[in-house]
Every structure is written in C-alpha cells, then in structure tokens.
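Colleague: One structure, pasted below without further comment.
Just so you know, all these numbers are worked out from the coordinates, no wet-lab data involved. Please read these numbers as outputs of a predicted model, since none were measured by experiment. Here the Cβ is made from the backbone with ideal geometry for all residues, glycine too, and neighbour counts use every protein chain on show.
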Amino acid sequence: MNRPSHKELNKKLNEARALSEKQQVSIVEPLCFAADAIGLGYDIEDIFITVSGLLNEILPDHYAGGRPPQRSYEDCITGSDLFAFEWHSEILAARVYCKFAIRGTTLWIVSLHKSRKK
C-alpha cells in the first residue's frame with residue numbers, strides 16, 4: 001500500500017486540528033520557528049490561532065511529504081511519522097509549507113514557513 005492514503009491524511013489532519021484547538025501544540029525548534037513566523041508576517045504570540053486557521057485550509061491533496069512518510073530524528077519525536085503539506089494560504093496570502101507530527105496527545109510543529117519551491 002502506498003502510504004499515506006487519502007483516508008490516513010484526512011484522519012491526521014482532523015487529529016491535528018483537534019489538538020490545535022485544545023492548544024496541545026509544541027514546536028520542535030522554537031528559534032527557527034520564530035524566524036519563520038517573522039518571514040510569514042504573523043505574530044508568534046498568536047500561534048494557536050494561526051496554526052488552527054492554517055490547519056483548516058489544508059486538504060489531503062496538499063500532501064507534499066514522502067511515501068511512506070519520513071520518520072523524525074528529533075529527540076522529542078524520534079520515530080514519529082512526519083506529515084508535510086504545501087498549499088496557498090488565504091490567511092497568510094502566501095504559498096506555505098507545514099510539516100508536523102503527532103505524538104501522544106501533542107501536535108508537534110516541525111516546520112511552518114513560506115514555500116521554498118520555485
């Protein structure tokens with residue numbers, strides 16, 4: 001089977017949205033994340049609102065990750081599947097790339113920045 005399926009992506013997005021709404025979100029690399037936030041033009045203090053809004057824009061068809069998904073090597077989420085998405089965000093008025101993992105009851109944001117594809 002060619003993972004992740006449309007059904008699996010939909011499930012992960014729904015799970016990520018639910019965790020975000022509960023503010024059960026952590027950032028893998030906060031300093032990099034803050035720099036990327038400046039590049040996207042949103043206030044880091046509004047992270048929960050921004051992430052929730054962005055997750056509501058993402059569709060399974062926006063999946064831009066590996067098949068099967070990459071595994072994380074970051075200490076806090078080692079071995080977790082990484083789900084990457086790229087889409088045009090209406091909220092940020094830019095093409096955006098977001099990569100996340102879900103571990104336990106936490107949504108881990110690995111990347112959230114302007115798309116670097118030409």
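Colleague: Restricting to the range 66-88, give me the number of residues that are of a type outside the set (D, E, K, R) and crowded, with 18+ Cβ neighbours inside 10 Å.
Modeller: Qualifying residue count for the region: 8.
Colleague: Which residues, counting only those in the range 82-112, are farther than 18 Å from F48 by Cβ, out of contact with any Ser or Thr (no Cβ under 8 Å at 6 or more places or on another chain) and either part of a strand (DSSP E or B) or among the polar types (S, T, N, Q) (or both)?
Modeller: F83, F85, W87, H88
Colleague: Right, something else. Output the number of residues of the range 14-72 satisfying the condition of being in contact (Cβ under 8 Å) with a residue 24 or more places away in the chain, within 14 Å of S89 (Cβ to Cβ) and in a helix (DSSP H, G or I).
Modeller: Looking only at that region, the number is 13.
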